[in-house]
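A.B. asks: Before we start, here is the structure in question, set down as structure tokens.
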């Protein structure tokens with residue numbers, strides 16, 4: 001029952017097994033609601049950023065490229081019907097993600113970007129639906145120097 005994983009049943013379970021005091025439940029609930037509120041704001045901002053994106057066609061369907069630090073743009077754009085989304089953040093890190101239910105295979109694009117920017121750290125996910133450049137978690141990763149148009153031209 002996936003409803004068990006919603007906030008109210010979690011708080012109720014913590015109350016019944018005496019894991020948290022009443023104040024602890026209030027604090028945890030408030031923290032969770034703050035997180036939900038922030039997520040909602042990020043999604044609204046993502047919708048605005050998507051409107052400014054550069055739409056283009058691929059062999060698999062419509063795609064969009066967005067310059068943004070907001071990672072929610074990827075998910076929101078896919079929910080809006082884009083088969084593929086490119087996001088480049090201001091520091092140069094690039095995310096290319098296709099919808100999981102698509103026929104997209106990014107192997108060819110991976111080969112092209114590695115040739116166009118061989119110094120950058122590129123990772124093709126085993127699903128072939130995600131091509132990732134750079135990582136904040138890996139201090140040795142090298143962000144790409146490619147511009148959005150350069151990435152689009154790889155398609």
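A.B. asks: Exactly one condition in (1) in contact (Cβ under 8 Å) with a residue 24 or more places away in the chain; (2) over 12 Å from the mean Cα position of the chain (by Cα); (3) surrounded by fewer than 18 Cβ atoms within 10 Å (Cβ to Cβ) is false for residue 109; which is it?
C.D. replies: In the conditions (1) in contact (Cβ under 8 Å) with a residue 24 or more places away in the chain; (2) over 12 Å from the mean Cα position of the chain (by Cα); (3) surrounded by fewer than 18 Cβ atoms within 10 Å (Cβ to Cβ), residue 109 misses (3) alone.
A.B. asks: Which of the helices (runs of 4 or more DSSP H) found entirely inside the range 1-100 contain at least 3 residues meeting this: free of Cβ contacts under 8 Å to residues at least 60 places away in the same chain and outside the structural domain of residue 136 (by TED's automatic domain parsing)?
C.D. replies: The helices (runs of 4 or more DSSP H) meeting that bar are 7-16, 22-51.
A.B. asks: Another one. I'd like to verify a number: residues in the range 11-43 that are closer than 30 Å to residue 69 by Cβ, exposed (fewer than 12 other Cβ atoms within 10 Å of the Cβ) and touching a helix residue (DSSP H, G or I) at 6+ places or on another chain (Cβ under 9 Å), how many?
C.D. replies: Residues meeting the conditions: 3.
A.B. asks: Given the criteria under 30 Å from residue 36 (Cβ atoms), surrounded by 16 or more Cβ atoms within 10 Å (Cβ to Cβ) and touching a helix residue (DSSP H, G or I) at 6+ places or on another chain (Cβ under 9 Å), does residue 66 qualify? Let's see the steps before the verdict.
C.D. replies: Values: under 30 Å from residue 36 (Cβ atoms): yes; surrounded by 16 or more Cβ atoms within 10 Å (Cβ to Cβ): yes; touching a helix residue (DSSP H, G or I) at 6+ places or on another chain (Cβ under 9 Å): yes.
Considered against the rule, which asks whether it is under 30 Å from residue 36 (Cβ atoms), surrounded by 16 or more Cβ atoms within 10 Å (Cβ to Cβ) and touching a helix residue (DSSP H, G or I) at 6+ places or on another chain (Cβ under 9 Å), residue 66 comes out as yes.
The values are calculated or read from the model by the stated rules, or taken from the named source; none is laboratory data. Remember, it's a predicted structure, so these values are computed and weren't measured experimentally. Glycine gets a Cβ as well: all are built from the backbone with ideal geometry, and neighbour counts include every protein chain shown.
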